[in-house]
Amino acid sequence: MTSHDDPSAAGTAAQGDLGPAGRAAADLATDHLAGVGDGPVWRPVPDADREWLVGQELPAAGRPLDAILDDVRTRVLPYPMGNGHPRFFGWVNSAPSPAGVLVAAPAAALNPSCAGGEHAGVLLERTVVRWLAALTGYPHPPGGGLLTSGASMATVVALAAARQRAARLDGWDVREDGLYGRRPMTVYMSAEGHGCLRKAVELLGLGRRSLRVVPVDAGFRMDVAALREAVARDIQAGALPLCVAASAGTVNTGAVDPLGDVADVAAEHGMWFHVDGAYGALGVLAPRAASRYAGMERADSLALDPHKWLGVPVDCGCVLFRDPGPVRDAFSLVPAYLRDDDADGLGWLAEYGPEQTRPFRALRAWATISHLGREGIADLVGHCSRLARTLAAMVDAAGDFERLAPVTTSVTAFRYRPAPDRDDGLDVLNRALPGLVRRRGRAFLTGTRIGGVEALRACFLNRETTTDDLAVLLDEIRAAAGEAGRTAPAEPNG
Ligand SMILES: Cc1ncc(COP(=O)(O)O)c(C=O)c1O
């Protein structure tokens, strides 16, 4: 009898002795982390490796693990996105926490679905969610939150709960009745709010026409007087104001909306108050910024991303709820094949969101928070916030840069402006700079539009970044601008 015919042989034949390959895989990960700061932040993928990455044939027969690990070493690890490097300042992408990396393989080895049931994955998720609430000063009723793929999904969950609660209060059930024929439910976000809010509004069938984009003040914070006017206009027109979504750390400038004032408007009109703290909620741990966050604890839902400032390896988002009732009402569906007669009163986590099979995100988050502790997390947040202020001061002191926004959290928004009295070509130049800087390989930042002009923004999330790295960043921008000047044709007026 061959091993194919012998069912008892199947397990051992498939797994073999994983020890040597497992240790080699762990070495690959730890060697990569140890050397990440020595290489370029980012490099283009040469044609041969690009061809290999996108164009491989499906293997007919399986390949040995050591050959696969060799491919990872030579073809995958050399081409990172860049976010592990101390001079990566793009978007809101952090370096992975070492503890999170180390437990990624054990989590996969256990491979539970964290939909529900009684096992370590589900139980640990309850602790992680409670810890995240404690870190951000948010109330935590039992069952008041769950981990998600990221803040985009957290926002969908939050707005779905808001929609269901508003419908119930209005005497109907959105799950049963749908939205057809109902008065529009309006959602309010600031002009600096994240695009995931728009996506959630569209996905939930509320329609972009029901989204009100409230202007911001000079500090890029929601203009609360304008919010009040927009709500009043909508009530007058017969709409049902559903939700106001404020930001605790916008992606462009890191601004924190006046959360207490927004909470007041929400309370006056019975609206759901959502806070997008995907990037910035942990900024509340920085003593200088903490008072800005007053009112965050009044939110009906708070989205925050452990895979951002905390550095939990992707993916790990989170949504916290003041009252889990409307969330369960919006999602719970327990067919006979999923019933669990042993479940406690909170039921399954899958009853609080759209995902059924749910990954074991909690182990990466738990290990990260355990390793840093509250003090380590506060230190990380303080360090990154100081870097943003230091870069702002360097920009202010330099004759060839201009700052575009105040620093509240750990984002510095600015632009290159070599001749202070001239604006021509500035937008074209600043639009080109992030790509040029990135290709030089010594720093990585991304661009955006702020206050109607092309802007550069640097977001700090990495404990390993130093003030020397900031000087390198500014010099790299200058060098890239020099390259642009040498290669670009004459620019039209900016
Ligand atoms: C302020 C803010 N909100 C929401 C999101 C969306 O989060 P995710 O990419 O985890 O879905 C981001 C992502 O950068 C963000 O910065």
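No value in this document is a laboratory result; all are computed from the given coordinates. Values in this document were obtained by computation on a predicted structure and should not be read as measured data. Every residue, glycine as well, gets a Cβ built from its backbone with ideal geometry; the counts of neighbours run over all protein chains shown.
Here are the numbers for this structure:
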read-out: Hull volume in cubic angstrom per residue (convex hull over the Cα atoms of the range 270-372); value: 131 Å³
read-out: Calculated FRET value between Val45 and Ala105, using beta carbons and R₀ = 35 Å, to 0.05; value: 0.85
read-out: Computed [θ] at 222 nm, helices only, for the chain once each DSSP H run of length n ≥ 4 contributes -39500 (n - 2.57); value: -13500 deg cm²/dmol
read-out: Label-point separation in nm, Ala225 to Asp17, each point 7 Å along Cα→Cβ; value: 7.7 nm
read-out: Protection proxy ranking, peptides 370-382, 91-103, average beta carbon neighbours within 10 Å, highest first; value: 91-103, 370-382
read-out: Rel. contact order, % - alpha carbon contacts under 8 angstrom, at least six apart, the chain; value: 20 percent
read-out: Per residue, the convex hull volume that the Cα atoms of the chain enclose (Å³); value: 189 Å³
read-out: The range 331-372: trypsin sites (Lys or Arg not before Pro) in DSSP loop, at most 12 other beta carbons within 10 Å; value: Arg339
read-out: Likely footprinting exposure, Thr448, Thr250, fewest C-beta neighbours within 10 Å first; value: Thr448, Thr250
read-out: Net charge dipole size for the range 104-369 [Lys, Arg +1 and Asp, Glu -1 on Cβ; Debye, nearest 20]; value: 500 debye
read-out: Among beta bridges that DSSP assigns inside the chain, antiparallel share in %, nearest 5; value: 55 percent
read-out: Cβ-Cβ FRET estimate between Asp323 and Asp344, R0 fixed at 22 Å, reported to 0.05; value: 0.80
read-out: Prolate/oblate/rounded call for the range 104-369, Cα gyration tensor, a/c under 1.5 rounded; value: oblate
read-out: Simple Cβ-charge dipole of the chain, Lys/Arg +1 and Asp/Glu -1, about Cα centre, in debye nearest 20; value: 1000 debye
read-out: Relative packing of peptides 235-245, 325-335, 144-154, 17-27 - highest average C-beta neighbours within 10 Å first; value: 144-154, 235-245, 325-335, 17-27
read-out: Student exercise, the range 398-494 dipole from Lys, Arg, Asp, Glu Cβ charges, in Debye to nearest 20; value: 280 debye
read-out: DSSP beta bridges in the range 104-369 [antiparallel fraction, %, rounded to 5]; value: 35 percent
read-out: Length added when fully stretched, Glu57-Ala471, from 0.36 nm per residue minus Cα-Cα; value: 144.5 nm
read-out: Positive dipole terminus of the range 364-468, leading residue within Ala397, Leu380, Ser410 (C-beta point charges); value: Leu380
read-out: Label-point separation, Asp424 to His371 (7 Å along Cα→Cβ), nm; value: 5.3 nm
read-out: Mean Cα-pair separation over length for the range 104-369, i.e. relative contact order, pairs under 8 Å, 6 or more apart, %; value: 29 percent
read-out: Rounded Å value of the spacing that divides the Cα centres of the range 300-349 and the range 139-175; value: 9 Å
read-out: Positive-end extreme of charge dipole, the range 104-369 - chosen from Ala230, Leu159, Gly121 (charges on Cβ); value: Ala230
read-out: Space enclosed by the convex hull of the alpha-carbon atoms of the range 441-488, per residue, Å³; value: 95 Å³
read-out: Sequence ranges 107-118, 432-443, 47-58, 173-184, ranked by mean other-Cβ count within 10 angstrom, highest first; value: 432-443, 107-118, 173-184, 47-58
read-out: Cα gyration tensor category, rounded, prolate or oblate, for the range 189-263 with a/c compared to 1.5; value: oblate
